[in-house]
Amino acid sequence: MHHLKFSLLLLFFSPFLIAQVPYDDCDNARLISNPESYCSGKTEFSLNGATDSGYGPSSCWTGPAADIWFEFKAIATGVNIVVNGRNIGSTLRNPQATLYYGVCGGTIQELDCNADVTNLGVIALFENGLIIGATYYIRVSGINGPSGNFQLCVTNFNPPVIPGQDCPTAAILCDKSAFVVQTLSGSGSQPNEGKGTCLEPFPGSQSEDQSTWLKWTAANNGTLTFDITPLKDGDDIDFALYELSGGIDDCNNRKALRCNATACDGSTGLNLTSTDLEEDFNCDKGEDRYVKFIDMEAGKSYGLLINNFDNSGIGFRISWGGTGEFLGPEPDFIIDPVSGLRCDQDFSVTDASTFSNGTITDYEWHFGLRAIPASSDVKGSHQVKYSSFGEKYISLTVTSNRGCKVTKVKSLNAEPCCEDLEDISISPKVTFPDCNGDAAGQIDVAGLGGNPEYFFKLNNGKFTPRTRFDKLPAGSYEIVIVDTKGCTDSIVVDVEEPDPIVVDAGPDVELELGDSTLLNGSYFLEETGDSIWWSPPNGLRTPLDLETNATAPGTTTYTLHIKSEKGCEASDSLTIRVITNRTIYAPNIILANGQGGPNNFFNLVGRKAVKSIDVLEVYDRWGNKLYQGEDIDPFDQTSGWDGTFNGSAVNPGVYTWIARVRYVDEVVEVKSGDITVVH
């Protein structure tokens, strides 16, 4: 009897796994655990075998939505996503991708979408204002649904001020956090600021194509290194590094310290191992796109001109190293209480930022997922509470009077707050598979009590707002419920399997070729509407009946198939092993007296294996053909040659015969011999 079994403890788990193509839908998205600076292998991910995940094409997509999914938890407010296809040797020709925010199975919102309509083989997504601690999803496909492999790169960062294209409008940096410049376009109002450096290919030529500027002031004496990585693999990124002798606002009095314009592929920058100070055009022996680090001096200002020589319009990722720091405000804040916080409980967040060399002009607070309030642009102190439990993140971005931005992030935990709520529970409805062995079970769930915004997970899966788990094989499943306040409960549900259809085709049989036997099949769980058939039908009199006469044309395995009205199928087989006996008997004398009796005809006689005598010919001793018969029945004693030629009996004597004999398995043999005629 089918039944449900409930328990607060997990008793049994299904030994089966729910098979899916990896990352083929939102629920099974591939987790990017460290999105700060992530880049996969060049051919690590593939769309081969991907299917439509059911969300429909994104706003900018073309063709069917055969896609795979990725997810990351935001650790900063900005993100840059790059999908590299055929431009780096991968096989995805025209990638398209979308960034989403929301919950799989619930509400999901498109934030950015891009498709490679210009045939570059690469696309980039960019979004600012992410909620730190929230989960975001990346969905990748190809234009018109092609297959192929690709590289995915993700940089989750706190964006500085957008850099300008000229030194006077450069972004002023406060600290050495890595970031991305999404695009490069044009060379600004001063298009030749790299004149006199290695960026000028020859005297009088323009030194900038698609450029941007960064500036900073050293906070201490120390070394500086950096890595500039093009977002489009293969782009030629060049740079010139200057000391701004008259201070951060004096772009006229600048001295070039380092320059790199080599055409070698890859990242570029300063490192601790290079000894050269400049690498010019071409890719000469010994050049590696890196030049020697610099020693910064406290209080001195520096400027970095970065140029994309390839004019792709796509930007770069920059990260910093060395012992030197950049001068800027130091954001900080105090959380009270720092521990023991529950959801729906007020707590305070108080600014503790410092800046000894200027003033902080702007504050940008983000208090995290489901915070009340969600954000603020005033210094504070702030009274905040969370309407949900779990790990939370608070970020503070401060802007100095010189326009530089720097961000501080802290995490805290909001514990569950279920005391004043009705106990939470799960109400399940189970649909069993129709057929034994099918992964077609289904569990529908509803939440009761608690705070009515529920999330469920099956066994060790992820929590989702989905209320239906389907395509389940028979087994026991633990379902866990949690609401936004952290109230939780679990049950175990049995998905039971119907009885199988048991088929018996009967025992194997051994026959001589041409013999027949009765196939007498049977099965258990007979129902109205069942379909019955034997295969192959060759040699069967009634292949749609359980009982049928079989004359096998040779050793044959017959399978009895049963299909129920619900579509459940089962089968069983038997083998008829056929012994082949091709013995032919030919009389050696006939009586040619015209009486028409059995002894008055010459024919070949075979066992049941013989189907027909295709041709029988008789010749005299001089080779004259006296008789030819076709399609002669070998079991008819009054068919064949009657010992006459042209209506008259032939003379007594010995005559030669030759025949083509066909057997029931369609094998044809040629037989010959002689026959004596008497009167």
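Flag set for L513, criterion: at pLDDT below 95 and either in the same structural domain as A550 (by TED's automatic domain parsing) or within 30 Å of L369 (Cα to Cα) (or both).
For segment 457-502, the set of residues classified as in contact with an Asp or Glu (Cβ under 6 Å, 6 or more places away or on another chain) and under 30 Å from I562 (Cα atoms) consists of A474, S476, listed by residue number.
Of the strands (runs of 3 or more DSSP E) contained entirely in segment 111-205, those carrying at least 1 residues that are farther than 27 Å from F226 by Cβ and at pLDDT 90 or above fall at 135-142, 149-157.
Cβ-Cβ contacts under 9 Å between residues 6 or more apart (or on different chains), taken from a first residue in segment 454-472 that is closer than 20 Å to G54 by Cα to a second residue that is aromatic (F, W, Y) and exposed (fewer than 15 other Cβ atoms within 10 Å of the Cβ), are listed as L472/F16.
When K408 is tested against (1) in a strand (DSSP E or B); (2) closer than 29 Å to V492 by Cβ; (3) among the charged types (D, E, K, R), just one condition goes unmet, and that condition is (2). The criterion of at least 3 residues that are over 15 Å from T135 (Cβ atoms) is met by the following strands (runs of 3 or more DSSP E) wholly inside segment 24-107: 78-84, 95-102.
For D470, the conditions (1) of a type outside the set (S, T, Y); (2) more than 26 Å from the chain's Cα centre (by Cα); (3) surrounded by fewer than 21 Cβ atoms within 10 Å (Cβ to Cβ); (4) in a strand (DSSP E or B) all hold with the exception of (2).
Out of all the residues in segment 359-366, is one or more out of contact with any helix residue (DSSP H, G or I) (no Cβ under 6 Å at 6 or more places or on another chain) and part of a loop (DSSP other than H, G, I, E, B)? Yes, because at least one residue in segment 359-366 is out of contact with any helix residue (DSSP H, G or I) (no Cβ under 6 Å at 6 or more places or on another chain) and part of a loop (DSSP other than H, G, I, E, B). Filtered by the rule that a residue be outside any loop (DSSP other than H, G, I, E, B) and in contact with a Ser or Thr (Cβ under 7 Å, 6 or more places away or on another chain), segment 367-379 gives a lone residue, I372. Would you mind stating whether R342 is closer than 30 Å to S395 by Cβ and either among the aliphatic types (A, V, I, L, M) or under 44 Å from the mean Cα position of the chain (by Cα) (or both)? Yes; evaluated as a whole, the condition is true for this residue.
Here the condition is being in contact (Cβ under 8 Å) with a residue 60 or more places away in the chain, surrounded by 14 or more Cβ atoms within 10 Å (Cβ to Cβ) and assigned by TED's automatic domain parsing to the domain that holds T407; of D310, D344, it holds for D344 alone.
The values are calculated or read from the model by the stated rules, or taken from the named source; none is laboratory data. Computed from a prediction, not measured in an experiment: that's the story for all the values here. All Cβ positions, even for glycine, are placed from backbone atoms using ideal geometry, and neighbour counts span all protein chains on display.
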